[in-house]
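The values are calculated or read from the model by the stated rules, or taken from the named source; none is laboratory data. The shown structure was predicted, so the numbers you read here are calculated from the model rather than taken from an experiment. Note that we place each Cβ from the backbone using ideal geometry, even for glycine, and neighbour counts take in every protein chain shown. These area figures cover heavy atoms from the full protein model, side chains too; ligands, DNA and RNA do not enter into them. Shrake-Rupley method; radii C 1.70, N 1.55, O 1.52, S 1.80 Å.
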Amino acid sequence: MTEAQESVGDLVASEIQEAQAINNGTCDQRLDHLRRAQELIIHHDPSGSLLDNFLDEMLEFMIDSDAKIRCFVVGFILEACKKEMELIKKMGSNLLFMLSDQSQNVSVTKKVINVATLLYPLLLSWMSKQKNPDQETELAWENFAVLKGRVLHQIESENEGIRTQTFKFLESCILAQTPKTAQSEGSKADSMSLDQVPRDHRFISYRKLDLEAKQYIDSLLQQLSAAHISSLNLLTVISCLTNIARQRPEYMEKVLLAFETLHVNLPPTLGTSQVKSVRKELKMHLLRLLKHEASSPFHPQITTLLTDLGASQQEVLRALPSDSELKRRMRRPGESADAGAPQRKRAKPEEASTSQVVVEADDDQEDDDASAADSETKRTQSAIDITGQYLYDKLTAKNVADLVLVSMTMLPDEMPPNFQSSYTPIAAAGTEAQIRHLSRMMATQFTAQGVGPGVEQGKREAREKYLERQSAKMEGAVMPPTPAHISASSGESSMAPPPPPPAKPPGQPLYGVQGQQKASKRLIQFGLAHITRPMQPEERSRMIQFAFEHIINSEKRALQGGGATAHQKLMVRLACRFAPGPLTSSFEDLLLTFIMADQKSRSDLAILWVYETYAQFQGFTQLATAAEEQDRYDRYGRCLCRLLETLFERGEHKETLFHKILLEAPHITPDALLCLKRACLDKVYGAFGMTTLREMILTRPRQRSELLCVLLDFSYYERPDLKTQSLETAKELFQLDWIRPDVKEFVGTLLENVLRPQPPPVLFGEEQGRPVRMMVWDEHTIRACLYLYLNLLPLDHSLIQKLAEVYALANTEVKKVIFRVLEAPVKAMGMHSEALLLLLDNCPKGAETLAARIVHLLTERNAPTKELVIRLKNLHNSRGTDVRSLIPVLTGLDKAEILKALPKFVLSAGMQRSVQGVFNRLLTGKNIETGAPPMSAQELMVELHKIEPKTNDEMKYLISAMGLLFSQSNTYTKDVLAGVIQTLLDLDPMPTLMMRTILQALTLYPVLNGFIMNVLHRLIGKQVWTQPKLWEGFVKCCQKTIPQCFQVLLHLPPVQLRALFLASLAQGEDIRRPLIEHVRSLPGHQQAHVPAEILRTIMEDPTTAATKVEAEVDETALEEEAERQMVEDEDEEEEAREQLLLEEDDNDDAETPQAADEVEQRRPVSSESGDSPVEDI
């Protein structure tokens, strides 16, 4: 390498490195560096060494994220191949990779197709000139064949620009794969054509390229008749067809016929401006064709079309060649045929090479296809000519007038805008040329619809030829001789072709009796049975298997030739056509192995195999030997399961093919369902199987119930991930209206399992996570039956009714589990659920506790609604349910209802656990109407005191309930308790437990001692000793409040004081002695206020004076009764006196003191004692 080349190489390396190093720069900066590198590599290095050195570095940008960079790389590939065609061996695979880019960028795709359009003629020309092509060259041709096939698939692309580039690629392929003629023009001297391809090329088939070109031209012609082609694509197709007609004049007639049809039937999707553009473009290209020397036979047809398109007479005459030029052109084909045509050397049959023989043998079928296509084209053209002549004869003035009159009734009231914008007056209306043109256009449309005399005549001729061939076969016609190359290959010596048969005299039949006798003397009819021997069964089976293997191994050749679909159909039909046996099994094994070798690219083959066996099962296709329906079904199931099981065993059940088979198979057998279930149970890729199962449920209505059972069965499996996936999928499907009934039916059946005496066997097994079968229900098995229900309950509240029905019939263990698991779904429902209210209205017998539990869960932190309160009250009243059912709605009850239910809570043994909850709701809850607590703390304590227990047990329960309230020190403070005691004092009669409450308050709050002393004073005034229970509490309270209670004791009557002393002595405490000391310690003036009788009672021994006390008590009672009666009499007299005073005159003021004195005199005079009681003692 010279110094100049080294410096250029350094510059190239620097530019590439700069392009690679720019990360945050713009794309244009990187493109500038890459363009400079390309300029140096392509145009500044004549030796080509830099291209070899930096090719890989430039191709690295092929995977760049920017589409502009990738487009530049595609353009670089074109420039590199132009400079050195040897690089095409490597570039073909790169272009194929760029076309199949995962990003599917439109600009990259269009660039690749554009480069392929320019590169294909160069590639074909270069490979045609290779004398001894190597394996890499053949591989490059195969890669480009695949690229060509993928480009042709883009003709159906949704992108308009991609379709435009594809049409241009088709034009390039047609021009490169068709031979030139003497009248070809518009092409360069070195442009590629089919006549440059040698017929004996090792891997390029001359006839195949020619047949492909005919298929491509037909594809382009079909685009003109497409109903939804866009304006841009239509203009591109017109331009391509015009170029093809000018450079390959043999297609001139087809192109003109297509233009005629397009002129009559423009696509309906085009707008007004687009129609004008198409007509203008069509007129321009027809003028170009008119100038071509090969268009002379079609001048009338072209000029009529141009006239219809609005071309003036001057434009047509200007485009027509002069008479001298026409004559010169008419002579040119003969001269060129005699002198100018290139002379080709033809190899003699006996000197033909082996490779040429093989190529010709491979192309026989292609020749037949090509001839068949040409024959079909000729028949169509002939039918158009016949129908056109028929219509021409019928287009008389009278017939045309009748047609116009008939069509007048179907014309619209206003001229359509499209017709008005595209209508061109007919200059040569009524002339013979115009009538023939009109009849031809009508004939074209008639023939396209399959009607007309031309079509009928073609059918008759085809039938006659068919009958002639059949009769000839029946009469024993001589078969044509075997071609020379076949006889040579079979080992026979080359023979000269047989002499032609003698000419048939006029009027003599082709196959007469005499002719048969003469022919039998000269020729022997060929029969394969005469030269072959029967094969042994083993040999025949082996040969059949070898043939099947050969067919399988020819996939690449079928792919290159565009026959991949036919190849797959052939393999599948051979594998499925025969009855089950060793040979069929070997075919199936080979086909299965072939599919699994590359399952990603052969998924269509697997699906085709499945559909073929299903078609045989349904009777759509027939077997070579008859088989029973069950056998055919077994064969279909075996095919389906073998594919699935093989993929699963190979660990490829996560791949697309496994799921594609399940989604596209026409019917899923039970064994296939087991394969799907195994895929779902896979711990690593089970999610893929679950997704497939979900799609199958959505897309297979006939098997939806079976598939749903598979999915929903997973809901009671122990594996958390599997259970979660199943439940989430079930909830998603449950929201679909057409799937919900099936899911509800399954849920109901699963829920009813808990009513069985034993758990069903379906809950147990290795897959379920419960390997040991249990014969009794436990919490785990009960929960397994409830998982699915609990997840679906928030989505469909009506399921709560089914749960209530099951709950009413279930045993205690099941009810306990339901209570434990019910919280989350019930709270998700909410208390406004119509289904819940309906349940309270129509609650099954035995499910009342469930209803109460549901309401309790809903009202733990929220106040109940009015509807909920009303329905629960009605349920309680109508069914006589447990009072605990009212606990959730206590805040919705009025005070009277609460007071009515309160004793039931407090005095019942079974309610003791609920008492605390009742108190909490009453004290901390909020009434649904007022927002305040249903009862204050003081009211609740007072109402508890009002309850009258009837038994000792009830008394214990009441005391326990009060103890719960006393334990709430934050609620029952000293002020609250003081208010409670004050309220209790005002009650008549006083509650039995009042003194116990006073003692409890004194214990909790000693600061209430003074308040308690006042209470004791009031109790003396209320004669507390008349109620034994209260008197007992009074005594205890006095004992507990010594010495503060001494002042209270001094106010007791003597009898009660003595009884108090006796009661305290009975309890082991002497309260009298401390009281004596207290009295002695009083000052004299205070002692004077103590009654003498009280002092004597204090000083007396209470035990000796017990009898006396009883008598005094009776006497005291009598005195009190007499005094009470006397007071009542005095009150009556006072009222009478006041009435008299009102009737007297003004001197009432003097008499009033006198009356008062009289009243005063009647009062008893109390004895006065001036001596001190203590001194008397």
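Where only protein heavy atoms count, and the probe is 1.4 Å, what is the accessible area per residue for region 155-312 in Å²? Before the final figure, lay out each step's value.
Working: 5980 Å² over 158 residues.
Per-residue value: 38 Å².
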Could you sort 402-414, 791-803, 774-786 so that the peptide with the highest average Cβ count within 10 Å comes first and the rest follow in order? 791-803, 774-786, 402-414
Is there a quick way to get the dipole size of region 802-877? I mean about its Cα centre, with the Cβ of Lys and Arg at +1 and of Asp and Glu at -1; what is the value in debye to the nearest 20? 140 debye
Please work out how much length the chain gains when fully extended from residue 974 to residue 539, using 0.36 nm per residue of separation minus the C-alpha to C-alpha distance, in nm with one decimal. 145.2 nm
So how long is each side of region 701-790 along the principal axes, counting just the alpha-carbon atoms, biggest first, in Å? 37, 27, 23
Between region 657-715 and region 776-837, what's the alpha-carbon centroid distance in Å? 29 Å
In terms of Cα to Cα distance under 19 Å, which lysines are near enough to residue 280, apart from those fewer than 8 places away along the same chain? 291
In whole Å, largest first, the alpha carbons of region 899-986 cover along the principal axes 35, 31, 22
Using the structure shown, list the pairs from 950/1036; 895/1022; 90/129 with a Cα-Cα distance above 27 Å, or answer none. 895/1022
Between region 187-242 and region 838-880, what is the separation of their alpha carbon centroids in Å? 83 Å
Linear extension gain, residue 79 paired with residue 433, 0.36 nm per residue minus alpha-carbon span: 122.2 nm
In region 578-597, whose amide N lies under 20 Å from the spot 7 Å out along Cα-to-Cβ of residue 638? List them in ranges. 578-596
Whole-Å distance linking the alpha carbon centroid of region 282-313 with that of region 247-272 is 12 Å
Expressed in square angstrom to the nearest 10, the accessible area of residue 469 with a 1.4 Å probe stands at 130 Å²
Considering only Cα-Cα distances, which of the following residue pairs are longer than 25 Å: 89/654; 148/214; 654/677; 827/873; 254/459; 677/815? 89/654; 677/815
By how many nm would the segment from residue 926 to residue 645 lengthen if fully extended, with 0.36 nm per residue of separation less the alpha-carbon distance? 94.7 nm
With a point put 7 Å past each Cα toward its Cβ, work out how far residue 755 is from residue 136 in nm, to one decimal. 8.1 nm
Furthest towards positive pole of dipole, 831, 799, 846, structure part region 793-881, Cβ charges: 846
Quick one: plug the Kirkwood hydrodynamic radius of region 24-124 (C-alpha pairs) into Stokes-Einstein at 20 °C, 1.002 mPa s, and report D in µm²/s. 154 µm²/s
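Compute the Kirkwood hydrodynamic radius of region 537-699, taking the inverse of the mean of 1/r over all pairs of distinct Cα atoms, and give it in Å to one decimal. Walk me through the numbers before you get to the answer.
Details: mean 1/r = 0.0605 Å⁻¹.
Radius from the Kirkwood sum: 16.5 Å.
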Scan around residue 770 for amide H atoms under 5 Å from its own, H built in the peptide plane at 1.01 Å from N, and keep only partners 5 or more places away or cross-chain. 765
With each label point set 7 Å from Cα along the Cα-Cβ vector, what nm distance links residue 462 and residue 564? 3.1 nm
Under the 7 Å Cα-to-Cβ spin-label approximation, residue 382 and residue 621 lie apart by a distance in nanometres of 3.6 nm
If the cut-off is 21 Å between C-alpha atoms, which lysines fall inside it for residue 68, apart from same-chain ones fewer than 8 positions away? 110, 111
Ranking by accessible area, most exposed first, for 617, 1011 with a 1.4 Å probe: 1011, 617
